[in-house]
1. Give me the pairs: first residue in segment 205-224 and more than 16 Å from Lys255 (Cβ to Cβ) and assigned by TED's automatic domain parsing to the domain that holds Val189, second residue assigned to a loop (DSSP other than H, G, I, E, B) and β-branched (Val, Ile, Thr), beta-carbon distance under 7 Å, and six or more apart or on different chains, which are they?
2. Quick one: what pairs do we get from segment 102-122, first residue of a type in the set (Ser, Thr, Tyr), second surrounded by 14 or more Cβ atoms within 10 Å (Cβ to Cβ) and assigned to a helix (DSSP H, G or I), C-beta under 8 Å, 6+ apart or different chains?
3. Which of the following residues is at pLDDT 85 or above and either more than 25 Å from Ser165 (Cβ to Cβ) or in a loop (DSSP other than H, G, I, E, B) (or both): Phe240, Phe185?
4. Just checking, does segment 154-176 include any residue being among the charged types (D, E, K, R) and part of a loop (DSSP other than H, G, I, E, B)?
5. Starting from residues that are aliphatic (A, V, I, L, M) and assigned to a loop (DSSP other than H, G, I, E, B), keep the ones in segment 189-223 and report whichever is surrounded by the most Cβ atoms within 10 Å (Cβ to Cβ).
6. Do the conditions hold for Val196, that is, is it in the same structural domain as Tyr246 (by TED's automatic domain parsing), closer than 24 Å to Asn249 by Cβ and out of contact with any helix residue (DSSP H, G or I) (no Cβ under 8 Å at 6 or more places or on another chain)?
7. Which one is surrounded by the fewest Cβ atoms within 10 Å (Cβ to Cβ), of the residues in segment 225-234 that are touching a residue at least 24 places away in the same chain (Cβ under 8 Å) and closer than 19 Å to Phe162 by Cα?
Amino acid sequence: MNETIDTTIPTEKIYKDRAFWLGTFLGGPLVAGYLFAENFKALGQSEKVKPTWIITILVTVLIIGGIFLIPDDINIPNQVIPIVYTAIAYGLFNKYLKDKVDEHIKQGGLIYNWGRVILVAIIGLLITIAPVFAVAYTSDTIEASNISTKTYGTTAKHEIDFDNSNITDTEIDEIAEGFRVIGFFDLSVAKYVYAVKNGYTYEISISVIEGIENDPEMLQAFVELRNQLDDYLTNNNVEFKLVVDYLDNVVKVLK
C-alpha cells in the first residue's frame, strides 16, 4: 500500500531574515512593519497584520519624536539609532517568523529578490523622511518669523538678534546697555550677538574666531566679560555661547 505524501509547494513569496536586516537598516521601522505584515499574510497569519501596522506606526512616531527631543549638546553617532531598531526587528523576526520562514523555504517556497527588498527600503525611507522634513521646515519657518533685530550705537552699529517669543524688547535694551557699560559695545567695531531667554538665564551667542576654545588668554577675556554682564543684569543669569560661523556650532559655553 503506497502512502501519499503532501508535497504542495507554497505559492506565496516571502522575505527571509537577511532581507529584514538590510531593509530595516536602510528604510527604517516602517519597512520592518511592512516586511512583517507581508510575511504574516503569505504564511497564513493574516490576523497579525493589523496589530503589526498599529505597533509599527506607534514605534515610528516615537522614534522620530525622540530624535527631535535629543538636546543639541548630545552627540549621538548617526548609525546608532538605525542599528538599534534593526537589531530589535531582527530579534523579533527570529522569535515570531524564523521557524515558519525556514519551513516555507524547505518546502520549496519562493523568496523576494534583493532588488525588491532595496526598492521597498527606498520607498519606506521616502515615506518616513517626508514628514520629518515637513516638520523641520515648518519649525524653522516659525522660528525665523520670531527673530527680531535691534541696532545700537551711532558710529559702530551693534546688532542683537533675539527670539521675540520669549524675550522682550525691554530686556534686549537692558542687555545692550550692559554691553555698552562694560565696553563690549564700543565705538570702533560693530558686534553681532544673538540672545534667547531660558528660564531665568539669558543665553547669549557671540561669534568668535575658530580655535578660540584652545586659547586660554582669549577665553579669559570672554569669561571676564560674562562676569561683568552677569553682575550688571542682577535679575537674571548670563550664559555665553561662543560660536563659529553659525549658531549651532558652539565651541565653548561660559556660565
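The values are calculated or read from the model by the stated rules, or taken from the named source; none is laboratory data. Every value quoted in this text rests on a predicted model; they were computed, and no experiment measured them. Reconstructed Cβ throughout: ideal geometry from the backbone, glycine too, with neighbour counts over all protein chains shown.
1. Close Cβ pairs (under 7 Å, with a partner that is assigned to a loop (DSSP other than H, G, I, E, B) and β-branched (Val, Ile, Thr)) amount to Val208/Val244; Glu210/Val244.
2. Pairs that qualify, where the first residue is of a type in the set (Ser, Thr, Tyr) and the partner is surrounded by 14 or more Cβ atoms within 10 Å (Cβ to Cβ) and assigned to a helix (DSSP H, G or I), are Tyr112/Ala19.
3. Just one listed residue meets the conditions, Phe185.
4. Yes, the conditions are met somewhere in segment 154-176.
5. Step one: list which residues in segment 189-223 are aliphatic (A, V, I, L, M), which gives 189-190, 193, 195-196, 204, 206, 208-209, 212, 218-219, 221, 223.
With assigned to a loop (DSSP other than H, G, I, E, B) added as a condition, the list becomes 189-190, 208-209.
Working: Val189: 8, Ala190: 14, Val208: 20, Ile209: 10.
Per the stated criteria, the residue is Val208.
6. yes
7. Checking each candidate, the answer is Leu233.
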